[in-house]
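What follows is calculated from the coordinates using simple rules that are stated; it is not laboratory data. Quick caveat: nothing in here was measured; it's all calculated off a predicted structure. Cβ coordinates were reconstructed from backbone atoms using ideal geometry, including for glycine residues, and neighbour counts include every protein chain displayed.
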Amino acid sequence: MTKSNKALHGAIALAGISALALTACTGPSGGGGTATEGAGGAITYGTTDKVVTLDPAGSYDGGSFMVMNQIYPFLLNYAPGTADATPDIAESASFTSPTEYTVKLKPDLKFANGNTLDSSDVVFSFNRVKNIDDPNGPASLLSNMEKIEATDPNTVVFTLVAGNDQVFPGVLASNPGPIVDEEVFPADKVLDDDAIVAAKPFAGQYTIDSYKKNELVSFKPNPDYQGLLGKAANDGATLKHYADPNNLKLDVQQGNIDVAGRILTATDVADLESDSNVKVHKGPGGELRYMVFNFDTMPFGTKTPDADPSKALAVRQAIAHLVDRDVIASQVFKNTYTPVYSYVPKEFEGATEPLKSLYGDGSGKPSLDKAKKVLADAGVTSVVDLKLQYTDRYGTSAADEYALVKEQLEKSGLFTVDLKSTEWTTYTKERRADAYPVYQLGWFPDYSDADNYLTPFFIPGNFLGNHYENPAVTDIVKKQLVTTDKAERSELLGQAQEAVAKDLSTLPLLQGAQVMVAGTDVQGVEKTLDPSFKTRLGVMSK
Amino acid sequence: MTTLIDAPPSDADGILPATRKSAGGGLGQYILVRFLLIFPTIFILVTMVFFLMRITGDPITAAMGGRLPADQLQERIQAAGYDRPILVQYFEYLGQLATGNFGRTLTDNRAVVEMLTTYGSATLELSINALLVALVVGIPLGMVAAHRRDKAPDAVLRVFAILCYATPVFFAGMLLKLTFSVWLGWLPVAGRAKTSSELALTSLQAPTGIYWLDALRSGNMAALADVVAHSVLPAVALGLLTAGIFLRLVRTNVIGTLGRDYVEAGRSRGVSEYRLVTKHAYKPALIPIITVMGLQIAVMLGGAVLTEKTFEWKGLGFQLANYLTARDFVAVQGIVVLLAIIVAMTNFIVDIIAALIDPRVRY
């Protein structure tokens, strides 16, 4: 061998050995990862939820709101473990008259970029959400807000359309509630994520240190935060986005992340329950999985060539008669989700089960005869062609869930179902553009009250935008909102659910609990799995 | 020109005849011609991508047909300009490309160029790693197979080669992941690095986006080890696809070369079989590898889509799959065009390398 060849071979061998050594140094991803990741008390949270936008005016979804909860301040918020909205960056907040809600801010508040946070920013933030009224934004939650005014640098007064709004404090702690910097955000349009991160308009428990959309977000505790949540229990947090829930599961199992949040599949959760390296934490329920009917474009909808409202109603009722929730819950979700026959989950005061008695065999099981009859009575004589859409947003099980719905409907011989799936960020825009005649959605509540399952869905200008409008329903929903007597309000909530069940604007299928899976060395997870339904990174540590 | 085809490069032992000098145009002219050929190649590829993506009609009808009311559908088609003659749209698209404007993605309103540069580096890293695996596995094993021709190791290696290029890359990926990540726990499950390494590397001044390079530049050996560990399975899954082809190619070429007169002459002069294979037969056998390598880049980029999806390697392939699901036509077109340009450029580079190594290709 020549000298140069020897050198070349030596170099190749050295490179090979080095590569192997480097790989070996890393060792099993199981053990080593956790120790290094956890150095300094930072925690890593993984999720398959996606961020639509960091701008509070442009999103109304769990993935975006989760990040907003860490970085933006709220006037009111929930202390961990509670479901009562109490002042966050506010010093006080209360009704000063039935239609006036006055909030006084704590003094000397500021954003991470050094800008002052005062009443002017608060007024700007709420007006902005309402004025932009983005189709994917939370403006519908502010339907009872007539106006907002700053009476001094630290005080704002909300004037409400209907007095004694029982859930207004909850609304302030929910999706339209993040307070943003008026010197950063434009008043009339949604701001791009990268521009938001660069301008640092954060005044919540954390600031964003680095941001790769739907990949990796690094949070740093905000030393200037003076709110209800206090100092974060960790030195920082990282949010890691996954595309595949299987990878999320394996990474939490092997200690590469500390906590896995939404959304693991039911089989993954069941599997992880028997793994001694992790702990499965469960919180109160509240999640609904349901179908939405677009009243314009569904079969016989008002904008279809053969529009006929009574036939359209019969189609909705036939579907309600045919779906077998028990089979979906057991086969697809291994009973980690349970059948729901109500618009309001049973944990909430005022919940009823009108769908059980109105549809199917009366006990929750399907009824083919009733489905046939309702269609025949309405004059629907041919097989109904149904275009049904679902999304990856609610976990990979959605594919199996809707395959089963398709099977159940087609087995009846009454429907042919064209089933398609769309990625969430596109889905959320297209559904509001009336692109899906019948489609899947899920609901994670904004605040802990039965109203959060009614007002956002069934009053004009609602979040669904499915063109459903029933003045009688609207009246009841609005009335319960301002009824202070608990028994009377409960009665009204029941009436509202009964009326909606007859119209079938949506069809609830299943209800689920909050689930997080964490390494056994992680503390505080249960503090965020509370009835406020907010994911707070600041309560977790190790 | 039989003698030229038979002629291997010269060597120190003096058993090989010297290569003739080029009798035709010089290297400069060759490079110029090859360079100029890139433009029609890219033009044809871009044109094909454009028209193939419109073969089923405009993207809005393809996505929304039957779901949106007819008037809304038409409104959206008009707003996007898809109601204009296809040739008008095509020339407008070419005009935009000429100015480097790939448009903005429909789903997240990002500049396509920015998206391509962000995720292109990840795909480049994976492709380099995979190519290394293909070379490191394919070439030595091809030589072993040739050296032990028609014996047991040869048979085993030939079956191995067939398995390599016949196994779908996503299946190989899943098998590797199950074995080395899930069961044995030796290697990471997915991603390009642990979150701590990723944060360290992305926070560098002017990062290249190629993690091992950034880790080396910053002297962060822990991150480098982590990045290498994360790279192993995706690189092997993708690299084996090409390794099988390289193995077969090297084997065939080495066997062919071993039968040539100059090797026989060496053999008769007492040069050992091992030396004949490792010193004299492998060099000419490698020349076709260079050419095939260019073609394999296209195969590899295709495989990268599935590999990246399997291992959540957030590169162009991963994004392409996401944008396809989201029916983001602009983003998909941008990625496909970039991949086409990469293939054309790679072939150009490979042609140049082949010409430098073997002057015969210039004739």
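Overview of values
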quantity	calculated
Whole-number percent relative contact order across the range B:227-363, with pairs defined as alpha carbons under 8 Å at least 6 apart	23
Contour minus Cα-Cα distance for residue B:171 and residue B:87 (0.36 nm per residue)	26.1 nm
Residue A:421-residue B:264 pseudo-label distance in nm [points 7 Å out on the Cα-to-Cβ vector]	6.2
In degrees, nearest ten, helix B:221-258 long axis to first principal axis of chain B (Cα)	50
Antiparallel bridges, percent of DSSP beta bridges restricted to the protein assembly as shown (to nearest 5)	75
Kyte-Doolittle at least -0.5, axis length at least 30 Å by Cα - qualifying DSSP helices, chain A	A:3-26
Distance between modelled label sites at residue A:432 and residue A:282, nm, 7 Å Cα→Cβ extension	3.5
The range A:448-542 - percent relative contact order, Cα under 8 Å, separation 6 or more	20
Chain B: angle of helix B:70-80 to the longest principal axis, Cα-based, in degrees nearest 10	60
Residue mean of other protein chain beta carbons inside 10 Å, B:305-313	2
Pairwise FRET efficiency - residue B:98 versus residue A:373, Cβ, R0 = 60 Å, nearest 0.05	0.40
Distance (nanometres) between label positions extended 7 Å along Cα→Cβ at residue A:91 and residue A:231	2.4
Rg ratio (alpha-carbon, reference 2.2 N^0.38 Å) - chain A	1.05
The range A:453-530 and the range A:41-77: distance between their alpha carbon centers, rounded to Å	21
Helix B:316-325 vs. chain B, principal-axis angle (Cα, 0 to 90°, nearest 10)	40
Helix-derived mean residue ellipticity, 222 nm - over the protein assembly as shown, DSSP H n ≥ 4, -39500 (n - 2.57), to 500	-15000 deg cm²/dmol
Centroid-to-centroid separation of the range A:230-288 and the range A:178-210 [C-alpha atoms, Å]	28
FRET efficiency, residue A:513 to residue A:82 (Cβ-Cβ, R0 25 Å, nearest 0.05)	0.85
Relative contact order, percent, chain B [alpha-carbon distance under 8 Å, six or more residues apart]	27
Average partner coverage of B:181-194, which counts Cβ from other chains inside 10 Å	6
FRET E, pair residue A:326, residue B:222, Förster distance 60 Å, beta-carbon r, rounded to 0.05	0.70
10 Å Cβ neighbours from other chains, averaged over peptide A:421-432	4
Alpha carbon centroid spacing (whole Å) that separates the range A:293-319 from the range B:141-196	55
Extended-chain gain in nm, criterion 0.36 nm per residue less alpha-carbon gap, residue A:365 and residue A:407	13.6 nm
